[in-house]
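In what follows, a structure is listed as structure tokens, so that the remarks can point back to it.
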Amino acid sequence: MARDRDEKVMLLTGASRGIGHATVQRFNREGWRVLTCSRHPFPQECPWGGGAENHIQIDLADPKNTMEAIEGIRGLLDGKLHALVNNAGISPKGPDGGRLNTLDTDLRTWGQVFHVNFFASIVLARGLKAELAAAKGSVVNVTSIAGARVHPFAGAAYATSKAALAALTREMAHDFGPLGVRVNAIAPGEIETSILSPGTEKIVEQLPMRRLGQPSEVAAAIFFLCSGESSYISGTEIEINGAQHV
């Protein structure tokens, strides 16, 4: 299929629901071509046109599979990648659905969480470095409110992987900056998605804004960081949490 050479292209991991789904819709509405990554085939019920042909099946928990997929992604690009949004994240729960802490999270689980939530971000960015540089593009890493403080629901492996991703964002901003590539992060708080844990309503009662955030509000921040409106913003982490940490 012939492509518009001026069309902007974004690669997004974790697109199937919640923040990722809202992000696809926002960029699609703004006229961007969106490539999505998931370990599952493209879900046919998704509403955006051209989604199936722009979907790459990758198991981000498998570093070998992630590295091997980069050539396939490169083949879908015309030499430029204007934005890479590392949104995929997993937060395993205990058998009873409870939080896994540092005492009861097994080593295999730690490894899976860090591969998806942390290592995949740098593997993709390094693998597509030339395409990002050619577009003077932007990388946005999706961290979490749990990366800064102990959270009642987010597990220890998830929280520490997101804290590591925040530190990686600073390092990447330093290293990718000379290539003309900006790297930032967003740290969502309590966002209204299908994976909210029971008891979240108690947290909402304590929020200064007294409500959950919406996926579309997070998607708007991601779009801002990928647009020319943020052309001198790099190396920062924007909290999207309704003043939860004030």
7 Å from Cα along Cα→Cβ at both F224 and D175: what's the point-to-point distance in nm? 2.8
Looking at the chain, do any whole DSSP H helices span at least 24 angstrom along their long axis by alpha carbon and average -1.0 or above on Kyte-Doolittle, and which? 156-176
Counting only DSSP beta bridges with both residues in the chain, tell me the antiparallel percent, nearest 5. 5
Taking amide H atoms as placed 1.01 Å from N in the peptide plane, list the residues 5 or more away in sequence, or in a different chain, whose amide H sits under 5 Å from that of L11. L35, A83, L84, V85
Tell me which residues come under 5 Å, amide H to amide H, from I56 once H is placed; ignore anything under 5 positions away on its chain. T36, C37, S38
Contour minus Cα-Cα distance for D104 and L76 (0.36 nm per residue): 5.9 nm
Only helical DSSP H runs with n ≥ 4 go in: add -39500 (n - 2.57) per run for the chain, normalise by residue count and round the 222 nm mean residue ellipticity to 500 deg cm²/dmol. -10500 deg cm²/dmol
Cross-link partners among aspartates and glutamates for K136, C-alpha distance below 16 Å, same-chain residues fewer than 8 apart left out? D6, E7, D78, D175, E229
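Since every read-out is calculated from the coordinates, none of them should be taken as a lab result. Because the structure is a prediction, the values reported are computed rather than measured. In this analysis, Cβ positions are derived from the backbone assuming ideal geometry, glycine residues included, and neighbour counts consider all displayed protein chains.
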